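Down below is the structure, laid out as structure tokens.
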Amino acid sequence: MIYTIGHSTHSIENFTKLLKSRGITAIADVRSAPYSRFQPQFNRELLTKSLKDSGIEYVFVGDSIGGRSSNEDDYENGRVVYSRLKNSDNFENGLQRVIVGSEKYQLALMCSEKEPIECHRTLLVGQTLFERGIPVTHILGDGTLENHDDAIHRLLKIFKLDEPDLFRTNEEVISEALLRQEQKVAFTLGDPVKGRLDTVQLGESEEWTESI
């Protein structure tokens, strides 16, 4: 089982309380830029210390499975294309690190968005894990849980795709819903919201070691 969570506007105290209530022992940060202009308690260095004080490990993987890319070939009309990220060696390497980490820790993927179906942690990373047979559960803002199947069903309902389709498989319908949502929320260069860069100076990513 791999969990996901969005830090949103939580205080660090409430955030760590949520994690501990679900038995989370490690956070894998999937933000491309592990900093927040508006929620500085989730800046990488402060967050690492706060989590450590609560007995929770931290690793940054946003340079491999984040929702942005430094490769211009991963963009189309200025918007990042998830399928191109997914098919890269960099993404696969990052995903394998997460899978290995989840064998030792009760792991949660963390990004910033409160709503899981508005974030690449669900639409890209969580969906890829789910397709590989790994159970994925989303921790919602109030601490309740939503399994990945239910999250995808909510997405289908939003696009009125939740009724049986005579001419397409369920997988094809889900793919359409995921693509349509991706086009709404994926990182876009120059967009004042989706293309916002809080801080993008990234350091070396940690490795899963004996201490994490």
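Just so it is clear, none of the values below were taken in a lab; they were calculated from the coordinates. Remember, predicted model here, so these are calculated numbers, not experimental data. We place every Cβ from the backbone using ideal geometry, glycine too, and count neighbours over all the protein chains shown.
Taking the charge dipole of segment 2-185 about its Cα centre, with +1 at Lys and Arg Cβ atoms and -1 at Asp and Glu Cβ atoms, the residue from Leu46, Asn147, Gly6 reaching farthest to the positive side is Leu46. Arranged from fewest to most other beta-carbon atoms within 10 Å of their beta carbon, Thr137, Thr25 become Thr25, Thr137. Its relative contact order, with pairs defined as Cα atoms under 8 Å and 6+ residues apart, puts the chain at 31 percent. Using a Gaussian network model of the chain in which every pair of alpha carbons under 10 angstrom is joined by a spring, one finds that among His153, His120, His138 the greatest mean-square fluctuation is at His153.
Taking the Cα centre of the chain as origin and assigning +1 to Lys and Arg Cβ atoms and -1 to Asp and Glu Cβ atoms, the resulting dipole is close to 560 debye.
For the chain, the longest principal axis of the Cα atoms and the long axis of helix 148-158 meet at an angle of about 50 degrees.
Among the trypsin sites (Lys or Arg not before Pro) within segment 36-101, those in coil by DSSP and having at most 15 neighbouring Cβ atoms inside 10 Å are Arg37. If I take all pairs of Cα atoms in segment 1-93, what percentage of them are more than 23 Å from each other? So the pairs more than 23 Å apart make up 32 percent of the total in segment 1-93.
Here is the list for segment 102-188: trypsin sites (Lys or Arg not before Pro) lying in DSSP coil, each with at most 14 other C-beta atoms within 10 angstrom of its C-beta, are Lys104, Arg132, Lys160, Arg168.
Here is the list for segment 14-111: chymotrypsin sites (Phe, Trp or Tyr not before Pro) lying in DSSP coil, each with at most 11 other C-beta atoms within 10 angstrom of its C-beta, are Phe38. Backbone amide hydrogens, once placed in the peptide plane, bring Asn147 within less than 5 Å of His138, excluding anything fewer than 5 places away on its chain.
Counting only alpha carbon atoms, the long axis of helix 89-102 and the longest principal axis of the chain meet at about 60°. Between Lys20 and Asn93, the C-beta separation translates, for a Förster distance of 35 Å, into a calculated FRET efficiency of about 0.75. Pair-distance distribution P(r) for the chain, from all Cα-Cα distances in 5 Å bins starting at 0: 1, 7, 16, 20, 21, 17, 11, 5, 2, 1, 0 percent. Taking amide H as placed 1.01 Å from N in the peptide plane, the amide H of Phe60 sits under 5 Å from that of Asp29, Glu206, each at least 5 places away or on another chain.
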